[in-house]
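Inspection log for the structure reproduced underneath, given as structure tokens.
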Number of protein chains: 2
Amino acid sequence: MSLRRFLVEPQALAAGEVALPAEEAAHARKVLRLAPGAEVELIDGQGRRAQGVLTRLDKSGGAVMVEAVEAAAPPSPRLVLCPGLLKAPAMDLLAVKLTELAVDQVRPVLTRRAVPKADGGKAKLERWQRLAGQALKQCGAARAPEILPPASLAEVLAAAPPEAAKLLLYEDEGRTSLSQVLPGLNGAAEVWALIGPEGGFTPEEAAQAVAAGFVSCRLPHTILRAETASLALAGVIRFAL
Amino acid sequence: MSLRRFLVEPQALAAGEVALPAEEAAHARKVLRLAPGAEVELIDGQGRRAQGVLTRLDKSGGAVMVEAVEAAAPPSPRLVLCPGLLKAPAMDLLAVKLTELAVDQVRPVLTRRAVPKADGGKAKLERWQRLAGQALKQCGAARAPEILPPASLAEVLAAAPPEAAKLLLYEDEGRTSLSQVLPGLNGAAEVWALIGPEGGFTPEEAAQAVAAGFVSCRLPHTILRAETASLALAGVIRFAL
């Protein structure tokens, strides 16, 4: 059985006594029924991890004695995924699965055909970040993606650095498939990928992205739900380059 | 708005009047509130599709007049995915997403570390097939994977044809990553892939698969849930070759 894993604040993870956040301490005590002396693993969601021994666990919180902190090298290329904003269950699935797939940053995009509005912004963002944190503890990956609030397509296009490799998954792309574009991504330090919402990008949106340097391509053979396209693309970039 | 899509029996899809299965007819009438004259799309889950006009829809069933049936070419390579049997929510997710990802056949494998037992076999199999059918109607893909009942590792290894390319995703594989194995799959007509259950394959199981011609490799950078590994691998084989 692997060690029980807890998520601590990024600033908190250093050699010495590390405080367990209140929620994590309550979970350790009430659900996992751990006691001082238990060996545990701590992660900070930003690539640092440590093993340690629980030294205190009571109603007021908990603490873990850590000897050494290990830093995981970030995966390459850095991967920024920009999915069209989807309905809540699909965005929830993305928050979890894109964490496992070691996506570095998620930037939901507001598009013409997106069904949901960007309301409840702060609460939704906190929900996605909480789900990503839970996924991190379950899957044992070293870092959670940074999830940004939904932004307009123009804002996202402007944020992509000139030197990044840029992909647009566009279902009306007639010529180029993803497999043709992939070899050009080998060696890229950073990849940005735009994926449409359930109804796809409009031709105007696709043209706007292409004008900003995004290479339009499509996934052949099948018609994917928008969230599946995001997962498949993240898998391809993480594991096929 | 795209055409309403209905799933009919494979044998039923031909030019002329095609009967709507009772469940599909009831859905068309009570939920979608369609009436004779409506244009609809029919798929048979085995690669055939047709557009037609609803000619009859009442309590006893429905019928669609079809002019021409179109056959979608199967994607290449043929992809047979053999995931270790997972708990119900994960298997449900796989039934849906592997349909979208145009996997041809799913063969759940009974492994030493698999949590669930292969009980409730027939009911579970029917549930996965129903979910795959629903996914097909939603995503508009042409065919659903054939989902077989769970079988032992030995049975699955024996079923893989000698000429198929064979992959084993093994988390304790120390040397070879998936990206190193991929170039060797280009041009393969058929790919079989074994993916472990939540706890992974035992070393004995991995050795057994390697002895049967499966090439052991791993997904670097991160630690995936078993179902995410299946989705990522299907995406890589469908879109990166």
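In the stretch B:84-136, the qualifying residues are those that are of a type in the set (Lys, Arg) and closer than 23 Å to residue B:239 by Cα, and the one that is nearest to the other protein chains (Cβ to nearest Cβ) is B:97.
With the structure loaded, tell me whether residue B:224 is outside any loop (DSSP other than H, G, I, E, B), on the phi < 0 side of the Ramachandran plot and either facing chain A (nearest Cβ under 7 Å) or modelled with pLDDT of 95 or more (or both) or whether it fails that test. In short, no.
Can you tell me which residue within the stretch A:194-213, out of those that are assigned to a loop (DSSP other than H, G, I, E, B) and within 21 Å of the chain's Cα centre (by Cα), is modelled with the lowest pLDDT? Going through the qualifying residues, I end up with A:198. Determine if the stretch A:178-185 includes at least one residue that is away from chain B (no Cβ under 12 Å) and in a strand (DSSP E or B). Taking every residue of the stretch A:178-185 in turn, none turns out to be away from chain B (no Cβ under 12 Å) and in a strand (DSSP E or B).
For residue B:212, indicate whether it is buried (at least 23 other Cβ atoms within 10 Å of the Cβ) and in contact (Cβ under 8 Å) with a residue 40 or more places away in the chain. So residue B:212 does not fit the description; no. The residue pairs whose first member lies in the stretch B:22-44 and is at negative phi and not assigned by TED's automatic domain parsing to the domain that holds residue B:143, whose second member is among the polar types (S, T, N, Q) and not in a helix (DSSP H, G or I), and whose beta carbons are closer than 7 Å, counting only pairs six or more residues apart or on different chains, are B:36/B:55; B:39/B:51; B:41/B:51. Reported count of residues in the stretch A:43-70, each being hydroxyl-bearing (Ser, Thr, Tyr) and in contact with a strand residue (DSSP E or B) (Cβ under 9 Å, 6 or more places away or on another chain), is 1. Residues that are under 25 Å from residue B:210 (Cβ atoms), of a type in the set (Val, Ile, Thr) and surrounded by 13 or more Cβ atoms within 10 Å (Cβ to Cβ) do occur in the stretch B:149-172, at least one of them. Of the strands (runs of 3 or more DSSP E) lying entirely inside the stretch A:28-98, those containing at least 1 residues that are under 30 Å from residue A:206 (Cβ atoms) are A:78-83.
Selection over the stretch A:218-231 of residues that are in contact (Cβ under 8 Å) with a residue 12 or more places away in the chain, farther than 17 Å from residue B:76 by Cβ and buried (at least 22 other Cβ atoms within 10 Å of the Cβ) gives a count of 5.
Condition test on residue A:81, is it surrounded by fewer than 23 Cβ atoms within 10 Å (Cβ to Cβ) and either within 14 Å of chain B (Cβ to nearest Cβ) or closer than 28 Å to residue B:199 by Cβ (or both)?
No.
What residue, among those in the stretch B:210-221 that are of a type outside the set (S, T, N, Q) and more than 25 Å from residue A:48 (Cα to Cα), is farthest from the other protein chains (Cβ to nearest Cβ)? My answer is B:211.
Scanning the stretch A:32-65 for residues that are of a type in the set (A, V, I, L, M), farther than 21 Å from residue A:135 by Cα and crowded, with 20+ Cβ neighbours inside 10 Å yields A:54, A:57, A:64. Please enumerate the residues belonging to the stretch A:137-169 that are assigned to a loop (DSSP other than H, G, I, E, B), within 14 Å of another protein chain (Cβ to nearest Cβ) and in contact with a Lys or Arg (Cβ under 8 Å, 6 or more places away or on another chain). Listed by number, the residues that qualify are A:140, A:142.
What do you reckon, is residue B:190 over 14 Å from the mean Cα position of the chain (by Cα), surrounded by fewer than 20 Cβ atoms within 10 Å (Cβ to Cβ) and touching a residue at least 12 places away in the same chain (Cβ under 8 Å)? Here the answer is yes, as residue B:190 does meet what is asked.
Kindly evaluate residue B:234 against the criterion of being at pLDDT 90 or above and either acidic (Asp, Glu) or not in a strand (DSSP E or B) (or both).
For residue B:234, the condition - at pLDDT 90 or above and either acidic (Asp, Glu) or not in a strand (DSSP E or B) (or both) - is met.
Pick from the stretch B:200-216 the residues that are in contact with a Phe, Trp or Tyr (Cβ under 7 Å, 6 or more places away or on another chain) and not polar (S, T, N, Q): which of them is farthest from residue B:184 (Cα to Cα)?
That would be B:201.
Within the stretch A:227-241, the set of residues being touching a strand residue (DSSP E or B) at 6+ places or on another chain (Cβ under 8 Å) and either among the charged types (D, E, K, R) or within 7 Å of another protein chain (Cβ to nearest Cβ) (or both) comprises A:227, A:238, A:239.
Yes or no: the stretch A:125-145 includes at least one residue that is in the same structural domain as residue A:82 (by TED's automatic domain parsing) and more than 27 Å from residue B:221 (Cβ to Cβ).
No.
Going through the stretch B:96-113 one residue at a time, which ones are hydrophobic (A, V, I, L, M, F, W, C) and surrounded by fewer than 22 Cβ atoms within 10 Å (Cβ to Cβ)? Spell out how you get there, then give the answer.
First pass over the stretch B:96-113, keeping only residues hydrophobic (A, V, I, L, M, F, W, C): B:96, B:98, B:101-103, B:106, B:109-110.
Of everything in the stretch B:96-113, those that are hydrophobic (A, V, I, L, M, F, W, C) and surrounded by fewer than 22 Cβ atoms within 10 Å (Cβ to Cβ) turn out to be B:96, B:110.
The values are calculated or read from the model by the stated rules, or taken from the named source; none is laboratory data. The structure presented is a predicted model; accordingly, all values stated were derived computationally and were not measured. Backbone-built Cβ (ideal geometry, glycine too); neighbour counts: all protein chains shown.
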